[in-house]
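Worksheet: the structure to be examined is printed underneath.
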Amino acid sequence: MTPPALGWKVAWPAAAALGVVSSLNFDPVGLPFAMVVGVAGLIWVARGLAGARKRTVAMTGVLYGVGFMGPLIWWMNAVSHGAYGALVLAETLFFIPIMLALRAAVRLRAWPLWGAAVWVLGEWARGRFPFTGFPWGRLAHTSVDTPFSSYARLVAMPGTSAVLFVVAALVVLVVVGPGRTARIGAAVGVLVLLGIGAVLPTGIAGADGTRQVALVQGDVPGVFLTWPRGEIFDLHAAETARLVEKIKTGTVPQPDMVLWPENATDIDPFNDTIVRDQIETLSALLKAPILVGGIFDGPTVDTALNQGVVWTADGPGDRYVKLKPVPFGEYVPFRKEAGAIVNRLARDIPRDMVAGDEPGAMTIGDTLIGDTICYDIAYDSVTRRAVDGGAQLMVVQTSNAAFTGTSQPEQQWDISRLRAIETGRWVVVPSTNGITGVVDPTGRSVERAPLREPATVSAEVTLASGRTPALVIGRYLEWVLVAAGLGGWFLGTRRRTRTETP
C-alpha cells in the first residue's frame, strides 16, 4: 500500500513539531518514549514524501533538526549564545542527508530494518564529524529507565538505537498499516522487542572482588571563569582533609582510592612544589592514592593537557590525557580566523588542549580503572578502549561548572548510567559541583552527592573482569549498520517512484 503523499505545508510544520517532541525525552522534561514517538512521526513524514522534490525533503530534515537540537542542547547558552547557535546549526545540517537517506530507505522492502541502519549511520556521522563530532541525543540514550536499556549490554549503543528505530517503525505500521494483519503483526513485534528487553540480563561482567572508593566534590567558588587561580584546588584539598578526619574517626571507611574530578586543580603540580607537596601529604594521610584531575601544562607554552594523574605519597604514577577535547571549548580550530570573528575565544581559551592518544586504563593502587573525562563518556570508542586495556571499574572525571542549573549534567549522568549497563561495570563520577555519584552495572543510581556544595561520596564497588556482548560485537555491529545504511540510501534512491519530481 502506497502511503498518501504529503506536501510541504504538512511536512514542514510536522517535522518541526516532531523534533520538539523528540527532545522532550531528555532532561529537563524526561518524557519516556517521546523520541520513539517523534521518530515514528518522522518516518510517516518520510513515507509521505516519496515523490517530493529533494529540496522539500532537505528542508524537512532541517526543521526536524532545529526542533530537536534546539531544545536538547539549550544548555549551551550557558557558554554563549553564539556557541549555542553554531552547535545547533552544525548538528541540524546532518539531518539533511539523514532525511534524504531515510526517504530513500522507506521505499524498500523490509524498510524498518533499512531505516534503522540509516538512523545509525546518521548518529555515527554526528558522533565523528566535524572535528571529534558530537554524539549527543542518540536514540539509544532514551532507553534509560525503560526495558530497552538492557539492549545496551547486548548490542551496544548503535544496536540499541537500531532496536528503538524498529520499534518506532512498527508503531507507524500499527497506526497506518496497510491492513489488519499487518497492524497486528507490527503490534506483536513491538511487544516481542519490549519483552526481550525486559528479560535480557544486566549486571556485573564477571565479579572480581570489591574496592572502597571515595569521590571528592570540592565545589567551585563562584560563577564559571570568575574565580582566582588556585581556589578550586584549595576547595578540593580542604574537602579531602575533612575526609582524612572522617576516616580517623571511623565515620567513613578506609578507601582504597580517592577520586578527584576534572579541573580539581588549575595549577600544575609538576611545576608547583607547594601544590605537589599538599597532594602527596594528603595521600600519605589517606593511606590511599588520589586520582587528580586538572589542567596541566602542555608540550608548548600555547598548549595544555586535560588529564587525570594517579598520585601517591611517593609522587605521580599513571596518567590519562582526555581523548576527545571539545572544539571551541577546550581548543580552538583555526584559532586565528575564529578569533577574528569571536574576540572572547582568546580570553576564554588562551591555550589549546592537546588530545591524548592512549586509553584511560590506569593502575591506581592494586586496581585497573578506566578513566574518562567529561564528554569522553559519550564516545563509544573511549570506554571500549579502556575496557580493552583491562579496566575493572569506569571513572568519569567531570566538571559541569559552566552548566550549573542547566539540564546538561542530568543528560550526561544518563549517558554514564547506560555505559554502566553496556560495560557491565560500576561507574563512579567525581564532579566539581555535581553530579557526583555512583552507578551500579544495572544502571541504578546508587548514591549522589548534594549539588553545589563540598561533599564526599564513599561506596563499596564490585570490580569486573569480563566483557559484555556489547563490548565484543559493538564496533563490528556498528560497521555493519553503517554499511547497511549507505546501502539502503543507495538502493532506495535507485528505486524512485514514478511520481517523484526530478
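The values are calculated or read from the model by the stated rules, or taken from the named source; none is laboratory data. Treat the numbers as computed from the prediction; the structure is a model and nothing was measured. Cβ sites come from the backbone with ideal geometry, for glycine too, and all protein chains shown count toward neighbours.
List of remarks:
- Residues of region 364-382 that are closer than 22 Å to PRO158 by Cα and of a type in the set (A, V, I, L, M): ILE373, ILE377, ALA378, VAL382.
- Filter pass, ALA105 being more than 24 Å from CYS374 (Cβ to Cβ) and assigned by TED's automatic domain parsing to the domain that holds THR56: yes
- Hey, ALA238 more than 28 Å from ALA455 (Cβ to Cβ) and among the aliphatic types (A, V, I, L, M) or not: no
- Hits in region 21-66 (condition: under 20 Å from the mean Cα position of the chain (by Cα), of a type in the set (Gly, Ala, Ser) and within 22 Å of VAL10 (Cβ to Cβ)): SER22, SER23, ALA34, GLY65
- Test: residue in region 140-148 that is more than 28 Å from MET59 (Cβ to Cβ), buried (at least 22 other Cβ atoms within 10 Å of the Cβ), assigned by TED's automatic domain parsing to the domain that holds GLY487 and more than 14 Å from the chain's Cα centre (by Cα): yes
- Answer from ARG351, ARG319 - the residue that is at pLDDT 95 or above and either outside the structural domain of ASN263 (by TED's automatic domain parsing) or farther than 21 Å from THR423 by Cβ (or both): ARG319
- For region 75-102, residues that are out of contact with any helix residue (DSSP H, G or I) (no Cβ under 7 Å at 6 or more places or on another chain) and within 27 Å of ARG344 (Cβ to Cβ) total 8.
- Each residue in region 221-269 was checked for being in contact (Cβ under 8 Å) with a residue 60 or more places away in the chain, of a type outside the set (Phe, Trp, Tyr), crowded, with 21+ Cβ neighbours inside 10 Å and assigned to a loop (DSSP other than H, G, I, E, B), and 5 pass.
- Qualifying helices (runs of 4 or more DSSP H) (wholly inside region 270-384; at least 2 residues being surrounded by 21 or more Cβ atoms within 10 Å (Cβ to Cβ) and in contact (Cβ under 8 Å) with a residue 12 or more places away in the chain): 273-286
- Boolean, VAL428 is assigned to a strand (DSSP E or B), out of contact with any helix residue (DSSP H, G or I) (no Cβ under 7 Å at 6 or more places or on another chain) and closer than 23 Å to THR142 by Cα: yes
- Residue match in region 16-30 (condition: of a type in the set (S, T, N, Q) and under 21 Å from THR132 (Cα atoms)): no
- Neighbours by Cβ (under 8 Å, 6+ apart or cross-chain): first from region 107-135, at pLDDT 95 or above; second of a type in the set (Asp, Glu) and part of a helix (DSSP H, G or I): VAL120/GLU478; TRP124/GLU478; ARG126/GLU91; GLY127/ASP380; PHE134/GLU91; PRO135/GLU123; PRO135/ASP380
- Search result, residues across region 111-132 that are out of contact with any helix residue (DSSP H, G or I) (no Cβ under 6 Å at 6 or more places or on another chain) and within 10 Å of LEU481 (Cα to Cα): LEU113
- If you go through region 191-216 and keep only what is assigned to a strand (DSSP E or B) and either in contact with a helix residue (DSSP H, G or I) (Cβ under 7 Å, 6 or more places away or on another chain) or not polar (S, T, N, Q) (or both), you end up with ALA207, ASP208, GLY209, ARG211, VAL213, ALA214, LEU215, VAL216.
- For region 150-159, the condition of being hydrophobic (A, V, I, L, M, F, W, C) and closer than 23 Å to ARG103 by Cα holds for none of the residues.
- Where ARG229 falls short, out of the listed (1) of a type in the set (D, E, K, R); (2) touching a strand residue (DSSP E or B) at 6+ places or on another chain (Cβ under 9 Å); (3) modelled with pLDDT under 95: (2)
- For region 454-502, residues that are modelled with pLDDT under 95 and either more than 21 Å from TRP124 (Cα to Cα) or touching a Cys at 6+ places or on another chain (Cβ under 6 Å) (or both) total 9.
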